[in-house]
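Structure first, then comments.
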Amino acid sequence: MKISHYEGLGTLRLPEEHRQPVKTAGFDVKQLIGWHRSMVLIRRVEEVIADLVESGEVRCPCHLAIGQEAVAVGVASGLFADDKCFGAHRSHSHYLALGAPVEGLLAEVLGRSTGCSGGFGGSMHLKAPEFGLVGTVPIVGATIPIAVGAALALKLDGENFVAVSFLGDGATEEGVFHESLNLAASMKLPVLFVIENNLYASHLHIDYRQPGDSLVRYADAHHIARELVDGNNIVDVAQATNRLLTIARTERRPAVLEAVTYRWRGHVGHREDIDVGVERQHNLPSWKQRDPISRLEQGLLIANSKLEDEFVKNRNEVDLEIAEALSRARSAPYPDASELLRIVYHQRNS
Amino acid sequence: MQYGEAIRNGFNYLLDSDKSVIVIGQGLWSPWYVGDTMRDLEKIYGTQRVIDTPVSELACTGAGVGAALCGYRPIVTHPRVDFALLATDQMVNQAAKWNSMFGGNSPVPVVFRMIVNRGGEQGAQHSQSLYSWFAHIPGLRVVVPSTPQDAQDLLIAATLCDDPVVYIDDRWLYEIDDEVTEPKSVDLSTQGPKVLREGKDITLVGLSWTTKLLMDAAQRLEGEGISCEVVDLRVLNPLDASAIIKSVAKTTKLLVAEGDWISYGIGSEVITRVIENLGPKVLSAAPRRHGLADAPAPTSKPLEGIYYPHVDDVIKSIKKMMETSQK
């Protein structure tokens, strides 16, 4: 296999670049409107959660992915419910992109028993197995080898489903990331590693953490197929995902997708993340000009100016759905105290 | 059948009777790492199910957790307890907590098999057992076989259990020979500490090779008119101490021997459970704990000789307890 030379992110890390409308020619408009709805849903749910954090009604630590919606929705567009997805601390977007119910997420961050994890998970431990989300956890890098094990299971099953590991650029600094890539490559396991490179691990820019800013070099080191895309262009994300998923499904080997993006809020909490360094403060307004939702809207309007009505419809539907879900979540009870000891083990003692 | 062969018997039964069982870990195709406990299993069941791995304890243990979440019953094998520490995140942060942090109905049926392999001047990083470390974690079940029968049965029970189970076997026991019944399905939730030898004067509690040590001591003391009751712990977590409590209520004396450091250890837990249940006046002599010297394992042979508990020391303690007894 040819090993390519190291390349950096180049213009992908510059917010002044890549602001043009998403090219939608050749795509089914209905599908694109569906993606728009998913991205708007993630944006609005997280804005609502941010408000609940600010008001103090939500108390668990919430890590918001506002600004990064195109990665989750673009990747999810190529997945089936029998694929096995894993996330981390910033995974509301993955949960919602896979189609899991809004009420399950809102009830969970509110600590209610009707939450997707029964009120035992909060924002950082989400599951929706019937939609393909096996679990998300906040130990950085922890679900990477777990996804590799899921891929081992799926390979033994003998069908063509795949495992997906969503991780951030910070997680690539964990040793287990490199162990996992080696294991997946040497055992030829069908797992897609989706690296959302938002340039920051908590407060610290990647330039202070790594000798290079692009993470596909790790795929090259392990002889793994990979693509590097603008993570704020949903069509680019979806197309690259599909090419990589084809490799994983048919050739039963791993693949790496690096999607460059930017988060608008702080590492944790509701605030805009402008107080952690000159560079971030300077760049956030520019990155908002590279908004994945508006760029898709602009692309669709070029094709058909009447689609504005569809955007409005999506927003109205989403807001109604969220309002109803929040109302139900708020009236749900907290978990019963007896659950605390009952669920430590799954198997009952006789 | 020998203890080591009985482990292999358990593996053979599991791999043969349940297609969801897989084994993954370093050195599985080499007797250098796992003794005879897995001899030729990869030839019989294939390298797809008996998987020797890269030198990546953390990723391989995580892969076991992931496969367990997707319908399999993996047995992750670490040829030394010390090496398994590299995988602590997956065992303690992930597997042990998974069912709880997702609100139940998220079972992780994975076994973390670790082998205690000490002595032979191997030193500080090749000698640990850390039983009470693992037993401290809610969500991890911990089983420790001391007999060939249990080496087989507890491996089967651990693998068929829906929870993460730490199974710790000991190479010092591999040549112990005893009768072993045909392998069959065993429900771990029915298993617990067991009286291996009945007696009336003193209760001796051990696990793994210290159970053997206590059985030897009991045998020798019988000739001197001291009747020892020996309880083998077998299942450390969750601990059902009722067999021990019942025994001490009868004998009024309690000695615990463990192959680990004494501070914050198994002995402390067992003695506390007894006192909490029977009250401070139940004991007719001060309880005793035997274990390792509070130091990392030495390498040189003479130091190894004083580092590990010896049957003569235990016998001395028992006699002292009999002499000072207020009963």
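Please treat every number below as a calculation from the coordinates, not as lab data. Keep in mind that what you see is a predicted model, and the values were worked out from it rather than measured. Ideal geometry is used to build each Cβ from the backbone, glycine not excepted, and the neighbour counts take in all protein chains shown.
Full extension of the chain between residue A:338 and residue A:55 yields a length gain of 98.9 nm, computed as 0.36 nm times the residue separation minus the alpha carbon distance. The order of B:60, B:161, A:60, going from fewest to most other C-beta atoms within 10 Å of their C-beta, is A:60, B:161, B:60.
Considering only A:23, A:313, A:127, the Gaussian network model of chain A with Cα springs below 10 Å gives its largest mean-square fluctuation to A:313.
Between amide H atoms placed 1.01 Å from N, distances below 5 Å from residue A:113 occur with A:334, all of them 5 or more places distant or on a separate chain. By the rule of a C-alpha distance below 28 Å, with chain neighbours fewer than 8 residues away ignored, the lysines paired with residue B:200 are B:212, B:246, B:250, B:253, B:281, B:316, B:319, B:320, B:327.
Could you tell me the relative contact order of chain A? Use alpha-carbon pairs under 8 Å, at least six residues apart, and round to a whole percent. 25 percent. Just name one of B:255, B:307, B:63: the one whose Cα is farthest towards the positive end of the charge dipole of chain B (beta-carbon charges, Lys/Arg +1, Asp/Glu -1). Toward the positive end, the furthest listed residue is B:255. Here the Karplus relation 6.51 cos²θ - 1.76 cosθ + 1.60, evaluated at θ = phi - 60°, turns the backbone of the range A:91-99 into coupling constants of 10, 3, 5, 5, 4, 6, 4, 7, x Hz, with x for every Gly and Pro.
For the range A:23-327, the residue among A:50, A:302, A:240 whose Cα projects farthest onto the positive side of the dipole built from Cβ charges is A:240. For the range B:294-300, 3J(HN,Hα) computed residue by residue from phi via the Karplus equation (6.51, -1.76, 1.60; θ = phi - 60°) reads 6, 8, x, 4, x, 9, 5 Hz, glycine and proline entered as x. Taking all Cα pairs closer than 8 Å and separated by 6 or more residues, the relative contact order of the range A:24-167 comes to 24 percent. Size check on the range B:3-185: the Cα extents along the three principal axes, sorted descending, read 44, 39, 29 Å.
A simple rule links phi to the HN-Hα coupling: the Karplus curve 6.51 cos²θ - 1.76 cosθ + 1.60 with θ = phi - 60°, which for the range B:71-88 gives x, 10, 10, x, 10, 7, 10, 10, x, 9, 4, 4, 5, 5, 4, 5, 9, 4 Hz, with x for Gly and Pro.
Projecting the Cα atoms of B:83, B:104, B:114 onto the dipole axis of the range B:42-124, where Lys and Arg carry +1 and Asp and Glu carry -1 at the beta carbon, places B:104 farthest toward the positive end. Label positions at residue A:289 and residue B:200, each projected 7 Å from the Cα along the C-beta direction, are separated by 9.4 nm. This ranking places B:5, A:17 by how few other beta-carbon atoms lie within 10 Å of each, fewest first, which gives A:17, B:5. Taken about its Cα centre, the range A:1-114 carries a charge dipole of about 260 debye when Lys and Arg each add +1 at the Cβ and Asp and Glu each add -1 at the Cβ.
A Gaussian network model of chain A, with springs between Cα atoms under 10 Å, assigns the largest mean-square fluctuation among A:194, A:102, A:268 to A:268.
For residue A:155, the aspartates and glutamates whose Cα comes closer than 16 Å to its Cα, not counting residues fewer than 8 places off in the same chain, are A:82, A:83, A:251.
The overall shape of the range B:89-157 is oblate: from the C-alpha gyration tensor, with semi-axes ordered a ≥ b ≥ c, the ratio a/c is 1.5 or greater and a/b is no larger than b/c. Our helix-only sum for chain A, with -39,500 (n - 2.57) per DSSP H run of n ≥ 4 divided by its residues, gives a mean residue ellipticity at 222 nm of -13500 deg cm²/dmol. For residue A:252, the shell of other residues with beta-carbons less than 9 Å away shows a net charge of +3, using +1 for Lys and Arg and -1 for Asp and Glu.
Taken over the alpha carbons of the range A:36-194 as equal point scatterers, the Debye sum produces base-10 log I(q)/I(0) values at 0.08, 0.14, 0.17 Å⁻¹ of -0.22, -0.66, -0.95.
Considering every alpha-carbon pair of the range A:60-148, the percent of pairs per 5 Å bin, from zero through the bin containing the longest distance, is 3, 17, 26, 29, 19, 7, 0. Name the lysines eligible as straight-distance cross-link partners of residue A:127: C-alpha to C-alpha under 17 Å, and not fewer than 8 places from it in the same chain. Within the straight-line limit of under 17 Å, residue A:127 reaches these lysines: A:84, B:97. Of B:100, A:165, B:268, B:17, the sequence from fewest to most neighbouring Cβ atoms within 10 angstrom is B:17, B:268, B:100, A:165.
Entry note, the range A:156-224: relative contact order of 38 percent, from Cα contacts under 8 Å with a spacing of 6+ residues.
FRET efficiency for the residue A:242 to residue B:324 pair, using the beta carbon distance and R₀ = 56 Å, is estimated at 0.10. For the protein assembly as shown, the convex hull drawn through the C-alpha positions has a volume of 170 cubic angstrom per residue. The distance linking the range A:243-275 with the range A:179-193 is 17 Å (Cα centroid to Cα centroid, whole angstrom). Computed over all pairs of different Cα atoms, the Kirkwood value for the hydrodynamic radius of chain A is 20.6 Å.
So if I take the alpha carbon set of chain B, get Rg, then get Rh from the Kirkwood formula, what is the Rg over Rh ratio? Taking Rh as the inverse mean 1/r over Cα pairs, Rg/Rh reads 0.97. When each full DSSP H helix of chain A is screened for a Cα extent of at least 24 Å along its own axis and an average Kyte-Doolittle hydropathy of at least -1.0, the helices passing are A:29-55, A:234-251, A:308-331. Rounded to the nearest 20 debye, the dipole size of chain B about its Cα centre is 740 debye, using +1 on the Cβ of Lys and Arg and -1 on the Cβ of Asp and Glu. Mind telling me which of A:80, A:166, A:27 comes out most flexible in a GNM of chain A, alpha-carbon contacts under 10 Å? Fluctuation is largest for A:27. Counted residue by residue at 0.36 nm each, then reduced by the alpha carbon distance between them, the extension gain from residue B:122 to residue B:313 reaches 66.4 nm. In loop segments of the range B:220-318 as defined by DSSP, there are no chymotrypsin sites (Phe, Trp or Tyr not before Pro) with at most 10 further C-beta atoms inside 10 Å of their C-beta. If you place +1 on the Cβ of every Lys and Arg and -1 on the Cβ of every Asp and Glu, how big does the dipole about the Cα centre of the protein assembly as shown come out, in debye to the nearest 20? Using Cβ point charges on Lys, Arg, Asp and Glu, the protein assembly as shown gives about 520 debye. Three semi-axes describe the equivalent ellipsoid of the range B:194-324; taken as square roots of 5 times the Cα gyration tensor eigenvalues and ordered largest first, they are 23, 17, 13 Å. Take the alpha carbon gyration tensor of the range B:1-54, find the square roots of its eigenvalues, order them as a ≥ b ≥ c, and report rounded if a/c is under 1.5; if not, report prolate when a/b exceeds b/c, else oblate. Since a/c reaches 1.5 but b/c is at least a/b, the shape of the range B:1-54 is classed as oblate.
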